[in-house]
1. To the nearest 10 degrees, how steep is helix 6-36 against the longest Cα principal axis of the chain, on a 0 to 90 scale?
2. Please give, to one decimal in nm, the separation of the simple spin-label points placed at residue 104 and residue 3, each 7 Å out from Cα toward the Cβ.
3. Label 7 Å along Cα→Cβ of residue 60; segment 25-42 residues with amide nitrogen under 20 Å?
4. Relative contact order, percent, of segment 6-65 when contacts are C-alpha pairs under 8 Å separated by at least 6 residues?
5. Let me know the whole percent of all Cα-Cα pairs from segment 106-146 that are separated by more than 17 Å.
6. How would 107, 67, 95 line up from fewest to most surrounding beta-carbon atoms within 10 angstrom?
7. For 63, 105, 137, which order do you get if you count the other beta carbons within 10 Å of each Cβ and list the fewest first?
8. How far is helix 119-131 tilted, in degrees, relative to the longest principal axis of the Cα atoms in the chain, given as a value from 0 to 90 rounded to the nearest 10?
């Protein structure tokens, strides 16, 4: 694997990304100008997204100067995808309490995954502690995941 210094990464980003980002900005500005001049019609969502992008332009292009920051958050999106898919699957709960229980359960499962701990082992230990009479749930969770 090729190891590049932080300066190499920042330099490569400035060389390759800045021209693409500048072209994107120019096209967004032209499209918004044409829309406001009633020469083009775009959806309200696209209009909102373009305005948001331009209003946050400094933050968007700031990643080119910092080599350990990425322009996307794909790794985070992949990490939460199973949770969001389950949330969609459990859309119809019979009660508000059922929704809270499921949200708690899914949060624990995803936390276990992030900490590289088997969720089933967490629940076994957690419920064993309850069977032993413990009720200090926060401390129990910290003890198991710690």
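1. Orientation of helix 6-36: about 70 degrees from the principal axis.
2. It is 4.7 nm.
3. 25-37, 40-42
4. Reported relative contact order: 52 percent.
5. Values: 179 of 820 pairs.
More than 17 Å apart: 22 percent of the Cα pairs in segment 106-146.
6. Values: 107 11, 67 17, 95 8.
Placing the least packed residue first, the sequence is 95, 107, 67.
7. Values: 63 17, 105 14, 137 11.
Ordered from fewest to most neighbouring Cβ atoms within 10 Å, 63, 105, 137 come out as 137, 105, 63.
8. Long axis of 119-131 versus the principal axis of the chain: about 40 degrees.
Values in this text are rule-based calculations from the coordinates and carry no lab data. Nothing here was measured: the structure is a model prediction, and the numbers come from that model. All Cβ positions, glycine included, derive from the backbone under ideal geometry; neighbour counts span all protein chains shown.
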